[in-house]
Amino acid sequence: MKQISASVFTEDGFSVPPKIRGCNPSYVLTPAGIVLIDTPQHPTDALRWRRELAEKGKIHYIFNTHHHIDHITGNAYLPGTVISHEGVRALFFNPPVEWIVATERVEEVARIGKGIIGYMRLLIGEREPECIPYFDTYTLRPPEITFSENLTLYFGGLTFQAMHMPGHTPSHICVYLPEEKIFFAGDNFTMGTQPSLAHSMPLEWVESLKKMEALDIDVIVPGHGGVTEKSAIPPFRRFLENCIAMVQEAMKKGMSEEEAASTISFEGLDPGAGNIQAVHPGTAMQRRNVKRLYQMLSKKSRGS
C-alpha cells in the first residue's frame, strides 16, 4: 500500500506483469468515512481490504472507472454505494462477449457457463486457484448511481469530480480530487506498460488525455503501473498518437485489417516509461489492439 497524501492510498505494486493481480485500487480516507476508486480483482484481496478498512472507518462510496473485471470484481465483497457511468451499468446486464478483451476465449467462457462470472472464474482462477470456489456463490454488483457526463460528490471535506472521459473504453470515467490535486486515471493512463486498446475509442482517448493535461494535477494514479506525475501524460498521449498514425498509414497503403494486424507492432514504442523498460502486451493483444484501431478509424473515415 502506498500513501500518496494524508488521505489518499493506493496499492500499485501488483498491476503489471509478472505480479499482476488486477488494477491499482485506491481509497480516500476522510473524517466522514471512506471512498474507493476501483476495487481489488481477486476475492482474497477484496476481503483483505474489507477487514483492514473496517478498522479505519465505513466505506460509503465506490467509483468504478470502467467495466473490466480487474476494476469491478471486488464490488461484491465491499460495502458502499457503487458509482460509475451509465454505460458501465448497462454492460453488467449484457452477454460476456461485451466484456471479454481476449476475444478468442469467448467459446471457452461459453463452455464454462455462468456468463461473465464464468469469465471471472477462468481468468482469476488461472492466477490464484484458491479463488475459484468464491465464484460458486458470486453475484455481480453493478453501479447503483450512474451519470452521463459529470458527477460531483462532496464528501468528508473533499470534492470528488467524476468525469466521463472516453478512451480505454467508451464509458470510461476518471476521478479528480482538486483539493489534493490527485487524479485517478483508470486505464486511460498506464505507467510503464502498454495499455489494452481492444475496447478503445482511440481518437476520443487522445482528446481525453488533452483534457487531463489541462487540469491542475500534481499526482496521477494510473490504472496499471506506478503512481507518477502529470508530466507523464504527454508522452503517453504521443505513444497513442503514434499507434493511431501507424494504423492510418497502413490503411492508406490499402492494407486489410488482417494484413495490418499481422504487420504492425507497437513493441518499440515507449508509452512514457522513460528509462523503465515498458511492458509490451504480447502478440495476441498486439493483434487485437491493431484490429480495434483499424475498425474504429475505418468507422470515422466513413463518417459513422
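For the chain, the longest principal axis of the alpha carbon atoms and the long axis of helix 283-301 meet at an angle near 80°.
Among the DSSP beta bridges whose two residues both lie in the stretch 166-234, what percent are antiparallel, rounded to the nearest 5? Show your work: numbers first, answer last.
Working: 5 of 10 bridges.
Percent antiparallel among DSSP bridges in the stretch 166-234 is about 50.
Applying 1/(1 + (r/R0)^6) with R0 = 22 Å to the Cβ-Cβ distance of E86 and T152 gives a FRET efficiency near 0.85. So which of K2/K181; K253/K291; K58/K211; K2/K211 end up more than 21 Å apart, counting from Cα to Cα? Flagged as over cut-off: K58/K211; K2/K211.
In the stretch 102-231, what % of DSSP beta bridges are antiparallel (nearest 5)? Intermediate values should be presented prior to the final figure.
Numbers: 15 of 20 bridges.
Restricted to the stretch 102-231, the bridges split so that about 75 percent are antiparallel.
To the nearest ten degrees, helix 115-127 and the longest principal axis of the Cα atoms of the chain are 90 degrees apart.
With the simple model of a label 7 Å out from the Cα in the direction of the Cβ, R302 to V206 spans 2.1 nm. The residues neighbouring S26, those whose beta-carbon lies less than 11 Å from its own, together hold a net charge of -2 under the Lys/Arg +1, Asp/Glu -1 convention.
With a Förster radius of 41 Å applied to the C-beta separation of R127 and K252, the computed FRET efficiency comes to 0.50.
Express the relative contact order of the stretch 46-189 as a whole percentage, based on alpha carbon pairs under 8 Å and six or more residues apart in sequence. Can you show the working numbers first?
Working: 206 pairs, mean separation 33.0, N = 144.
Normalised by residue count, the contact order of the stretch 46-189 is 23 percent.
Residues whose amide H lies under 5 Å from that of I62, counting only those 5 or more places away or on a different chain, are L36, T81, V82, I83; hydrogens are built 1.01 Å from N in the peptide plane. When only Cα pairs below 8 angstrom with a gap of at least 6 residues are kept, the stretch 165-304 shows a relative contact order of 28 percent.
Just for the stretch 1-126, what percent of DSSP beta bridges are antiparallel, to the closest 5?
In the stretch 1-126, DSSP labels about 60 percent of beta bridges as antiparallel.
Extending 7 Å from the Cα toward the beta-carbon at both E108 and D218 defines two label points whose distance is 4.4 nm. A straight chain from E259 to F93 at 0.36 nm per residue would run longer than the Cα-Cα distance by 56.3 nm. Which whole-number percentage describes the relative contact order of the chain, with Cα contacts under 8 Å and a sequence gap of 6 or more? Worked out over the chain, it gives 14 percent.
Readers should treat all values here as calculations from the given coordinates under stated rules, not as data from a laboratory. These numbers were taken from a predicted model, which means no experiment stands behind them. For neighbour counting, all protein chains shown are included, and Cβ atoms are generated from backbone atoms with ideal geometry for every residue, glycine included.
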